[in-house]
Amino acid sequence: MGVPSDTLVILTQLDTTKTVLDSASIKNKLGIRTNLIDYAKTLKGIRYKYASSDPKKGFDCSGFVMYVFNHFQISVPRSSIGFTKVGSTIELPSAKPGDIILFTGANSKVRRVGHVGIITQGGENPMFIHASSGKTYSVTETTFNKHYKQRFIKVVRVLD
């Protein structure tokens, strides 16, 4: 063999330690996303209220997103238009839970951000949670349906 057995043991221990650190680091990154989405879902049903970021009064879309991220000491803009200038732009198929999805306002012909939500499920059929002034008039989780596809602007990532 030529290599003392104790040298092999040390190398194995070093490799194992490196693997443990790498998986802990990955788990931590996934953990914040999971915790953020779990927390956001606890706010489902809180009524919509224009210009509010107070769960006792209600949320508007950006107030809801800001409230959820602030709960984890992550600073994000207060206005929906402010999200156009933060994070990095992500292609929709690459969106992950915790990324922020940006839409036009109610008039999809005005191509300016007017609504935001938090991606809860990526992939072929993404879902997002948001404070809706529509039919539900509350914090709700929605599929990326035809209505929102027409209004879609982009996805931004503020979590590394």
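Data table
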item: Qualifying residue in segment 110-117 (condition: within 14 Å of the chain's Cα centre (by Cα), over 19 Å from Ile74 (Cβ atoms) and touching a residue at least 12 places away in the same chain (Cβ under 8 Å)); result: no
item: Yes/no for Gly123 being under 14 Å from the mean Cα position of the chain (by Cα), closer than 22 Å to Leu36 by Cα and at pLDDT below 95; result: yes
item: Segment 64-93, residues that are among the aliphatic types (A, V, I, L, M) and not in a helix (DSSP H, G or I); result: Ile74, Val76, Val86, Ile90
item: Filter pass, Ala40 being modelled with pLDDT of 95 or more and surrounded by fewer than 16 Cβ atoms within 10 Å (Cβ to Cβ); result: no
item: From the options Thr104, Thr120, Thr89, Thr84, residue that is among the hydroxyl-bearing types (Ser, Thr, Tyr), closer than 16 Å to Arg157 by Cβ and in contact with a Lys or Arg (Cβ under 6 Å, 6 or more places away or on another chain); result: Thr89
item: Residue check for Leu92: under 12 Å from the mean Cα position of the chain (by Cα), among the hydrophobic types (A, V, I, L, M, F, W, C) and either at pLDDT 95 or above or farther than 26 Å from Lys146 by Cα (or both); result: no
item: The one condition in (1) under 24 Å from Gly58 (Cβ atoms); (2) out of contact with any helix residue (DSSP H, G or I) (no Cβ under 8 Å at 6 or more places or on another chain); (3) touching a residue at least 24 places away in the same chain (Cβ under 8 Å) that Ala131 fails to fulfil; result: (2)
item: Flag if Gly82 is surrounded by 17 or more Cβ atoms within 10 Å (Cβ to Cβ), more than 13 Å from the chain's Cα centre (by Cα) and within 21 Å of Ser53 (Cβ to Cβ); result: no
item: Output for segment 33-60, where each listed residue is over 29 Å from Asp160 (Cβ atoms) and not in a strand (DSSP E or B); result: Gly45, Lys49, Tyr50, Ala51, Ser52, Lys56, Lys57
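Residues are listed down the side, and each one gets a yes or a no for (1) farther than 21 Å from Pro126 by Cβ; (2) not basic (Lys, Arg):
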{"site": "Arg33", "(1), (2)": "no, no"}
{"site": "Gly45", "(1), (2)": "yes, yes"}
{"site": "Lys57", "(1), (2)": "yes, no"}
{"site": "Cys61", "(1), (2)": "no, yes"}
{"site": "Asn70", "(1), (2)": "yes, yes"}
{"site": "Pro77", "(1), (2)": "yes, yes"}
{"site": "Glu91", "(1), (2)": "no, yes"}
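The values are calculated or read from the model by the stated rules, or taken from the named source; none is laboratory data. What you are looking at is a predicted structure, and each value in this text was computed from that prediction instead of being measured. All Cβ positions, glycine included, derive from the backbone under ideal geometry; neighbour counts span all protein chains shown.
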